[in-house]
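Every number here is computed from the coordinates shown, using simple stated rules; none is lab data. Predicted model, so just to flag it, every value in this text is computed and none were measured. Cβ: placed from backbone, ideal geometry, glycine included. Neighbour counts: every protein chain shown.
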Amino acid sequence: MKKEHAYNEEVMGDEGFIAGDAYPSLDGESADNLTDVPGADLDTLAGDDEEEGEDDEESEKPSAGDECAELRDKNLRLQAEFDNFRKRTLKERMELLQFAGADTVKQFLPLLDDVQRAVSAMEKSDDIAALREGVNLIAQKFTDTLKNLHVEEVDALGLELDTDRHEAVARVPGDKGQSGKIIDVVQKGYKIGDKVLRFAKVVVGE
């Protein structure tokens, strides 16, 4: 008994526990307190972190209401831009219709000046030859102006009647071979390219 007691005293330290143990033995209540130690339940902590990450991602995604508001704003902007474009186009069209002939009229203004000078000269002068020459010059200048505008005379005299370019105002008996052909031009016709500005009024032989 003495030997066993001596062994127990040697093995047990002054603190009353076996030498070499890191901690003294814990009762049941102390063992339960191990859950308070950080890292004691790693699976639970990891699960909490994942849930927090998912919540952050969901909070960063735009809600359906935000997307709807953004689409509505884009739609309103597009409508406003289209309305501005429509108004601007309408204004440009009105200006084009109003001033489309401005450049053409400017080219005829010098002719008007010549005609007015000719009228004034006829009132002051009795020189018929000079007046006739002046009128011929005005007529030639008028023809040149039309050519600059790409206006051409519609060919008619001696041709077959073409209702796309000619307007028959009369039919008269003609010589042999003149049946259906234009034998006289009452009023000249004009065109720009293939577009007829005015039909030529003609007399057709029968």
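One table, with the values for the structure above:
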item: Prolate/oblate/rounded label for segment 92-206 (Cα gyration tensor, a/c 1.5); result: oblate
item: Placed amide H near L159: partners under 5 Å, 5+ positions off or other chain; result: I182
item: Net charge of neighbours whose Cβ lies under 13 Å from the Cβ of G177, counting Lys and Arg as +1 and Asp and Glu as -1; result: -1
item: Only Lys, Arg (+1) and Asp, Glu (-1) charged, at Cβ; segment 111-206 dipole about Cα centre in debye; result: 160 debye
item: Summed residue charge, Cβ within 13 Å of L137's Cβ, Lys/Arg positive, Asp/Glu negative; result: -1
item: Ranked packing of 195-203, 162-170, 104-112, 64-72, most packed first, by mean Cβ within 10 Å; result: 195-203, 162-170, 104-112, 64-72
